[in-house]
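Structure, as structure tokens:
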Amino acid sequence: MKKTLQIISIQHELAMASGNGLDLDEMFQSFMQASIACLNLTSAYLFLFSDQAGSPIRFIGDTANQIFSQHISVSSQNTAHHETQNKILTRCVSEHISQHDFVSVIFSDDKFYHSFSIPEHGVLVFERVLEIEPIIQNSLEPIFKKLALSCYACLVHQSLLKEMSARKSAEDIIAHQAAHDELTQLSNRRTLTDNLKTSITYCIENNKFGALIFIDLNQFKSINDVMGHDIGDKMLKEVANRLKGITRGKDTVARFGGDEFIILLPDLGDFEQAAELVVNRTATRILDVVEEPFLIGDLIYNISCSMGYEIFPALNGSSCDVIKHADLAMYEAKTLRQRIAIRYQASMSEKLNMRSVYVTELKNALKNNEFMLHYQPQYDANDEIIGAEALLRWNNPKRLEESPDIYIPIAEDSELILAIGDWVLHESCRQLKILQENGLPDSFKKLSINVSAKQLGQENFFENICRAIKTSGIDAKQMTIEITENVLISRIHDAMLLISQLGDIGVDCAIDDFGTGYSSLTYLRRLPSSLIKIDRNFVRDIHKDAENRSIAKMIIALGENLDMNILAEGVECEEELQCLKDLGCYQYQGFYFSRPLAFDQFVELVKTRYLEAC
Ligand code: C2E
Ligand code: MG
Ligand code: MG
């Protein structure tokens with residue numbers, strides 16, 4: 001009776017310990033403590049199948065090359081393993097591998113080793129010194145089996161947890177990637193659109209206002225092209241961090257495209273005017289952080305940005321409309337070179353519609369031969385005509401007075417510029433030939449022709465120029481190609497190739513509108529161009545405006561250093577001319593001398609000035 005009670009008590013104690021939760025280590029430790037107390041165990045070992053790296057794995061198939069790692073080892077005394085003990089442990093483990101027995105007992109010197117297989121996972125070995133009575137030993141066998149099963153359950157549970165957490169983190173990574181921009185880790189377009197939809201609905205339901213600010217970096221393309229994409233990428237990441245730094249947690253900061261960012265302010269309260277105030281405050285902060293110099297490597301870069309915004313909910317405005325509106329407003333800010341965020345107005349959409357009307361009209365103009373060229377003479381300090389610039393005019397009553405500044409960018413956007421540019425090239429060569437035949441003064445050296453960004457990137461552009469020269473029969477040395485500084489820098493590689501090809505045949509290159517772009521001195525030095533044209537904005541009031549004077553002075557010094565000629569554009573009065581002469585600039589173009597003239601008028605000017613005088 002006493003024995004039975006003892007057995008029941010031991011069984012109970014061990015069974016309780018082995019059923020203790022699903023954490024393997026915890027369960028095993030508690031079983032071990034109970035076993036040490038009840039059975040005089042000295043040590044317990046848990047051997048698990050493991051992979052090369054030692055992590056436990058589930059055993060599948062062949063056992064021959066299976067590696068074991070000792071997962072848990074608990075000892076009641078502080079005894080070091082000795083060699084015999086190691087051998088016996090190895091035997092215990094290998095017996096189970098070959099036989100898959102559930103329980104086995106090995107006797108060695110003064111110890112007994114009880115080992116149990118844990119199906120598919122490993123082997124559990126108990127070591128004890130004193131023999132337990134056989135009756136107790138036998139009665140405990142089901143408990144050890146239960147222990148092995150509990151270990152098994154724990155292992156399965158643990159690997160399940162591991163698998164679940166691995167899957168969860170894989171899912172988290174995929175979800176993060178689907179919602180974020182890879183480079184900047186900001187929200188991507190999709191997340192932005194989703195958040196915008198939610199926020200529009202929220203605002204409609206709660207009579208609140210929200211806003212979306214569209215940001216486009218200025219000069220970024222130049223930096224990317226001139227300094228390389230590595231620097232460009234670093235700058236975009238830095239811009240992203242700075243924008244994140246000035247927004248609240250509930251705002252969405254997204255990268256919308258290359259250098260376009262959007263900030264969504266989802267809840268700006270009950271009043272539209274208050275919302276507008278917050279937008280303007282945010283815009284000021286955006287400008288501050290974007291204009292803060294960027295230190296990348298050893299160099300400092302400066303950029304700015306243009307911003308447009310829309311407040312929502314607008315009447316019937318969808319999320320697409322809100323983005324489109326803010327984009328249009330940004331475009332307006334860029335065109336007007338505004339340093340503040342501009343709010344969308346319906347007139348901007350009208351302007352957009354007008355652009356598409358323009359495109360149709362430009363196509364018709366080409367078809368109906370409505371274009372013509374005007375020529376603005378260029379002068380030297382002795383008042384001699386040294387050349388002329390061919391300027392496009394649209395010979396249509398509605399458009400005649402319009403500057404090409406208005407429709408050239410539209411033509412540029414729609415690719416029509418290639419056909420128009422081709423026409424300009426051939427027409428100017430043809431008319432130059434006529435001028436030569438009529439007789440040009442010796443002082444007349446060059447006819448300048450403007451080319452656009454798209455033309456520079458055009459395949460066969462150089463061949464086109466050669467063809468125009470050949471067909472017209474002019475001398476290549478009488479032609480100058482004008483490329484604006486901005487276009488030149490944004491297409492620096494195309495430009496360098498073209499300029500050196502043109503140089504080989506004697507055609508010169510002029511950098512137009514100089515001072516408005518972001519040229520790198522390194523590139524300027526390497527450009528084989530021969531003329532810099534000071535932008536007319538720096539010539540305006542140069543005799544009164546100290547800032548313009550110092551900019552012009554710097555450009556003139558730069559030209560001298562790089563051995564380039566300098567021509568001032570937009571000279572409108574005697575005082576400006578005198579000031580330019582004083583600064584050392586000796587070539588001019590502007591209304592003071594002559595407005596751009598129709599071809600016949602230009603012919604007449606040359607005739608009365610030079611030919612009739614002879
Ligand atoms: P641009 O190449 O800088 O041409 C000079 C512009 O300054 C011309 O404007 C000319 O009329 C204007 N201008 C000249 N002197 C004065 C002055 O004293 N005061 C003022 N306020 N303006 C003066 P326009 O003809 O309206 O041309 C504007 C721009 O359109 C040109 O600037 C050029 O970038 C572009 N453009 C003109 N023709 C062509 C062309 O055939 N192809 C291309 N791609 N662009 C062209
Ligand atoms: Mg020009
Ligand atoms: Mg110019």
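If you average the alpha carbon positions of segment 207-280 and of segment 452-496, how far apart do those two centres end up, in angstrom?
Between the Cα centre of segment 207-280 and that of segment 452-496, the gap is 37 Å.
What are the ³J(HN,Hα) values, in whole Hz, obtained from phi via the Karplus relation 6.51 cos²θ - 1.76 cosθ + 1.60 with θ = phi - 60°, for each residue of segment 420-428 in sequence order, with x given for Gly and Pro?
Along segment 420-428, the couplings run 5, x, 4, 4, 4, 4, 5, 5, 5 Hz.
Under 5 Å between amide H atoms, partner at least 5 residues away or on a different chain: which partners does G269 have, H built in plane at 1.01 Å?
For G269, whose amide H was placed from the backbone, the distant partners under 5 Å are F209.
By count of other Cβ within 10 Å, fewest leading, how are D298, D422 ordered?
Listing D298, D422 from fewest to most nearby Cβ atoms yields D298, D422.
If you count the DSSP beta bridges with both ends in the chain, what percent of them are antiparallel, to the nearest 5? Don't jump to the answer; show the numbers that get you there.
On the way: 66 of 91 bridges.
The antiparallel proportion sits near 75 percent.
Once phi is turned into θ = phi - 60°, what whole-Hz ³J(HN,Hα) does the Karplus curve with 6.51, -1.76 and 1.60 give for every residue of segment 356-371, x standing for Gly and Pro?
6, 5, 4, 4, 4, 5, 5, 4, 5, 4, 5, 4, 8, 6, 8, 8
Treating the angle as unsigned and between 0 and 90°, give the value, to the nearest 10°, between the Cα long axis of helix 574-583 and the longest Cα principal axis of the chain.
Approximately 60 degrees, to the nearest 10.
With each label point set 7 Å from Cα along the Cα-Cβ vector, what nm distance links Y592 and I434?
For the pair Y592/I434, the computed spacing is 3.1 nm.
Under the Karplus relation 6.51 cos²θ - 1.76 cosθ + 1.60, θ = phi - 60°, what is the ordered set of whole-Hz ³J(HN,Hα) values for segment 587-604, x standing for Gly and Pro?
My calculation for segment 587-604 gives 10, 9, 8, x, 4, 4, 8, 6, 6, x, 10, 4, 3, 4, 5, 5, 4, 4 Hz in order.
Calculate for the chain the 222 nm mean residue ellipticity that helices alone would give, adding -39,500 (n - 2.57) per DSSP H run of length 4 or more and normalising by residue count, nearest 500 deg cm²/dmol.
-16500 deg cm²/dmol
What is the set of long-range amide H partners of F371 at a cut-off below 5 Å, with H atoms built 1.01 Å from backbone N?
N395
Ranked by Cβ crowding within 10 angstrom, fewest neighbours first, how are V603, V451, V156 ordered?
On the way: V603 19, V451 23, V156 15.
Placing the least packed residue first, the sequence is V156, V603, V451.
Can you list residues from other chains, or at least 5 along the same chain, whose modelled amide H is less than 5 Å from the amide H of Q458?
none
For D413 and S108 in one chain, what is 0.36 nm times their gap in residues minus the Cα-Cα distance, to one decimal in nm?
Between D413 and S108, full extension yields an extra 100.7 nm.
Stretch T516-S443 to full length: gain in nm at 0.36 nm per residue minus the Cα-Cα span?
Here the segment from T516 to S443 would lengthen by 23.3 nm.
Mind putting a number on the dipole of the chain about its Cα centre? Charges go on the C-beta only, +1 for Lys and Arg and -1 for Asp and Glu, and I need it in Debye to the nearest 20.
Roughly 1100 debye, rounded to the nearest 20.
I'd like the FRET efficiency for I406 and Q185, computed as 1/(1 + (r/R0)^6) with the beta carbon distance as r and R0 of 60 Å, rounded to 0.05.
My answer for the efficiency is 0.90.
Under the 0.36 nm per residue contour assumption, what length would be gained going from the current alpha-carbon distance of K398 and E141 to full extension?
Numbers: separation 257, 0.36 × 257 = 92.52 nm, distance 10.54 nm.
Full extension of this stretch gives 82.0 nm more.
Please work out the Cα center distance from segment 536-583 to segment 365-384, rounded to the nearest Å.
A separation of 23 Å, based on Cα centres.
For each of L583, L192, count neighbouring Cβ atoms within 10 Å of the residue's Cβ, then give the residues from fewest to most.
L583, L192
Evaluate the distance, in nm, between pseudo-label points positioned 7 Å from the Cα of A274 and of Q345 along their respective Cα→Cβ axes.
Using points 7 Å along Cα→Cβ, the separation is 2.7 nm.
Between E26 and E120, take the C-beta separation as r, use R0 = 22 Å, and let me know the FRET efficiency to the nearest 0.05.
So, using R0 = 22 Å, E works out to roughly 0.55.
Compute the distance from the alpha-carbon center of segment 417-451 to that of segment 184-199, in whole Å.
52 Å
Which FRET efficiency value, to the nearest 0.05, do you get for Y523 and S159 by plugging their Cβ-Cβ distance into 1/(1 + (r/R0)^6) with R0 = 56 Å? Can you show the working numbers first?
Numbers: r = 61 Å, r/R0 = 1.09.
Here the calculated transfer efficiency is 0.40.
At Y202 and K244, where each label point lies 7 Å from the Cα along Cα→Cβ, what is the point-to-point distance in nanometres?
Taking the two extended label points, one gets 2.0 nm.
For the Cα atoms of the chain, what angle does the longest principal axis make with the long axis of helix 2-18, in degrees from 0 to 90, nearest 10?
In the chain, helix 2-18 runs at an angle near 0 degrees to the longest axis.
Quote the relative contact order of the chain in percent (integer), defining contacts as alpha-carbon pairs under 8 Å separated by 6+ residues.
Dividing the mean separation by the residue count of the chain yields 8 percent.
Output the 0 to 90 degree angle, nearest 10, between the alpha-carbon long axis of helix 272-291 and the longest principal axis computed from the alpha carbons of the chain.
In the chain, helix 272-291 runs at an angle near 90 degrees to the longest axis.
Values quoted throughout were computed directly from the atomic coordinates according to the rules given, and no laboratory measurement underlies them. All values derive from a computational prediction rather than experimental measurement. Heads up, the Cβs are rebuilt from the backbone with ideal geometry, glycines too, and the neighbour counts pull from every protein chain shown.
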